[in-house]
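Novice: What follows is a single structure, and I will ask about it in a moment.
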Amino acid sequence: MQPAAVSVIDRVSRVLRPRSRVRRDLPPGPAIPSPAQLALWVAQPYPFLEHCRARYGPTFSLRFPQWPALVSFSDEASIKDLFTGSPSELLAGHANVSLRPIVGTGSLLLLDGDAHLRERRLLLPPFHGARMQAYGKTMQSIARRTLDGMGTGVRPIQHDMQAITLDVILRTVFGVEEGTDLAALRTAIFELVERATMLDIIPALQVDLGPRSPWGGFVRRRAAVDRLLYRLIDARRAEGTSGRDDVLTLLLDARYEDGTGMTNRDLRDELMTLLAAGHETSATALSWALTCLAREPEVQRLAHEEVDRVLSGAADDAVTTAELLYVDGVVKEAMRLHPVVSAVGRVLKVPLTIGGVPLPAGALAGVSIYLTHRDPALWPDPLRFDPMRFVGTRPSPYAYLPFGGGVRRCIGMAFALYEMRIVLAELLRAFRLEPAPGATGRPVRRTVTMAPAGGAPVKLVRR
């Protein structure tokens, strides 16, 4: 833990502890008031979590304003209880309610029970098997075009990765081709994502005081994206879906069990969900992988050797990337050390015992992905960057969970891993990576994701 962060946490605890109240029916946790806990969680999330684990163990309680009582778990047995428990009693949609301003009320992320399963069945097919792999060439061409236009030297690589993953979503999911529509959507979405902050998902701060206020600006940027999405959906309905294979087209043709299709609002919410889950997250995971490679010359050498060996003269590079086992390990190890989303949760509909801990109905049981991925009981020498952890072996789904778990595991996991493997292979073909002078690799919040500070600066050298 950073010494400065420890000092801040200790000072806050000493000053505010006497004024706080702790619930006796929950595991122990910080005794400081809920606004102070929220401030520490936003400003110093990882030092705060490490401080709590060191003081209270792998299970502890946190309190945030306007949130239900939150109990954080990071041990394998408790995570298994949460991921294998009844989805009618452990409500992930309720736990994700803070995402509503971005993804909408009809989003897969906010649904529970039968409604969630119904929507998931409709959305899952485009992201698996041959249909998903059909997008490989598009991913590869977008990556090559972006990389060809990149210069050498120090640059914030997060921006480049966002450009690639956004165009992949716009082409494969939205089905927008080059032209004015693509340019308009790209600009509007980039504005929405780049200017969004953690403050936009805190209910108490969602007050529209005009376009210059934080929430007012967010609402207007979201409305600009919505106008373009609804125009795209209407145009696609009017022109028909014949001969197209993008995800929007597949969703327009899909039918629920009662024979009905998705409404325009349904489509908007799921498109925003796929955008939020598949653009910013993949770009951030790639940025962490590249930041790690720049600091690990021996790992980078092995990755270069594998890319050169596997892809040299390959007839279909995009498909052949499945053979890049070490590169795949690089991506997965980066997501272990630096999970893009640091926690997932379930709201208890009824009283339950999780990992031997009795919890009341209404409590929020959270899984700290960050703490789990750095637990020495699960990951020997946890701070060492070692892609071989993932070569020829499959970790426990309750010890490695960058995409969540159980019936709520991200439907785009295979799509994201495939895309990241392609993009990373293309970059390694073209460049060698070195650390940027002064770059710290410190994680910072970007709404609900944790990204490298400064836009992930690295130094690129042409091979």
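Novice: Taking the Cα centre of the chain as the origin and placing charges on Cβ (Lys, Arg +1; Asp, Glu -1), which of 201, 451, 127 is farthest toward the positive end of the dipole?
Specialist: 201
Novice: Considering the Cα trace of the chain, what is its radius of gyration and what is Dmax, both in angstroms?
Specialist: That works out to 22.1, 69 Å for Rg and Dmax.
Novice: Putting +1 on Lys and Arg Cβ atoms and -1 on Asp and Glu Cβ atoms, find which of 360, 310, 325 reaches farthest to the positive end of the dipole of segment 269-392.
Specialist: Towards the positive end, the residue furthest out is 360.
Novice: Have a look at the DSSP beta bridges in the chain and tell me what percent are antiparallel, nearest 5.
Specialist: About 85 percent, rounded to the nearest 5.
Novice: May I ask you to order 398-405, 184-191, 143-150 by the average number of other C-beta atoms within 10 Å around their residues, highest value first?
Specialist: 398-405, 184-191, 143-150
Novice: Shape call for segment 258-405 from the C-alpha gyration tensor, a ≥ b ≥ c root eigenvalues: rounded (a/c under 1.5), prolate (a/b greater than b/c) or oblate?
Specialist: oblate
Novice: If you count, for each residue, the other Cβ atoms within 10 Å and average over each peptide, how do 155-165, 109-119 line up from highest to lowest?
Specialist: In descending order of packing, they fall as 155-165, 109-119.
Novice: Restricting to DSSP H runs of at least four residues, report the calculated mean residue ellipticity at 222 nm for the chain, -39500 (n - 2.57) per run over all residues, nearest 500 deg cm²/dmol.
Specialist: -15000 deg cm²/dmol
Novice: Express the relative contact order of segment 238-394 as a whole percentage, based on alpha carbon pairs under 8 Å and six or more residues apart in sequence.
Specialist: 19 percent
Novice: Which order do you get for 336, 421, 222, 227 if you rank them by accessible area with a 1.4 Å probe, largest at the top?
Specialist: Ranked from most to least accessible, the order is 227, 222, 421, 336.
Novice: Let me ask you something else. Work out the charge dipole of the chain with +1 on the Cβ of Lys and Arg and -1 on the Cβ of Asp and Glu about the Cα centre, then indicate which of 57, 345, 424 is farthest towards its positive end.
Specialist: 57
Novice: To the nearest 20 debye, what is the magnitude of the charge dipole of segment 290-415 about its Cα centre, counting +1 on the Cβ of each Lys and Arg and -1 on the Cβ of each Asp and Glu?
Specialist: Charge dipole, segment 290-415, about its Cα centre: 820 debye, nearest 20.
Novice: Taking the highest mean first, how do the peptides 129-135, 433-439 order by number of other beta carbon atoms within 10 angstrom per residue?
Specialist: Descending packing order for the listed peptides: 433-439, 129-135.
Novice: Put a dot 7 Å past each Cα toward the Cβ at residue 255 and residue 239; how far apart are the dots in nm?
Specialist: 2.5 nm
Novice: In debye to the nearest 20, how big a dipole does segment 206-322 give about its Cα centre with +1 on each Lys and Arg Cβ and -1 on each Asp and Glu Cβ?
Specialist: For segment 206-322, the charge dipole is close to 800 debye.
Novice: So with the 1.4 Å probe, I'd like the accessible area per residue for segment 357-449, rounded to whole Å².
Specialist: 38 Å²
Novice: Let me ask you something else. Taking the Cα centroid of segment 176-199 and of segment 348-420, what is the distance between the two, rounded to the nearest whole Å?
Specialist: Result: 31 Å between the Cα centres.
Novice: In whole percent, what relative contact order does segment 228-273 give with Cα contacts below 8 Å and a gap of six or more residues?
Specialist: It comes to 37 percent, rounded to a whole number.
Novice: Work out the length of the dipole vector of the chain about its Cα centre, built from +1 on the beta-carbon of each Lys and Arg and -1 on the beta-carbon of each Asp and Glu, and round it to the nearest 20 debye.
Specialist: Its charge dipole is roughly 1480 debye.
Novice: Under 5 Å between amide hydrogens, which residues at least 5 positions from residue 458 or on another chain qualify, with H placed 1.01 Å from N in the peptide plane?
Specialist: Residues meeting the criterion, in which the H sits 1.01 Å from N, are 155, 157.
The values are calculated or read from the model by the stated rules, or taken from the named source; none is laboratory data. Because the structure is a prediction, the values reported are computed rather than measured. A quick note on method: Cβ atoms are made from the backbone with ideal geometry, for glycine too, and the neighbour counts reach across all protein chains shown. Side chains included, ligands, DNA and RNA excluded: accessible areas come from the protein's heavy atoms. Shrake-Rupley method; radii C 1.70, N 1.55, O 1.52, S 1.80 Å.
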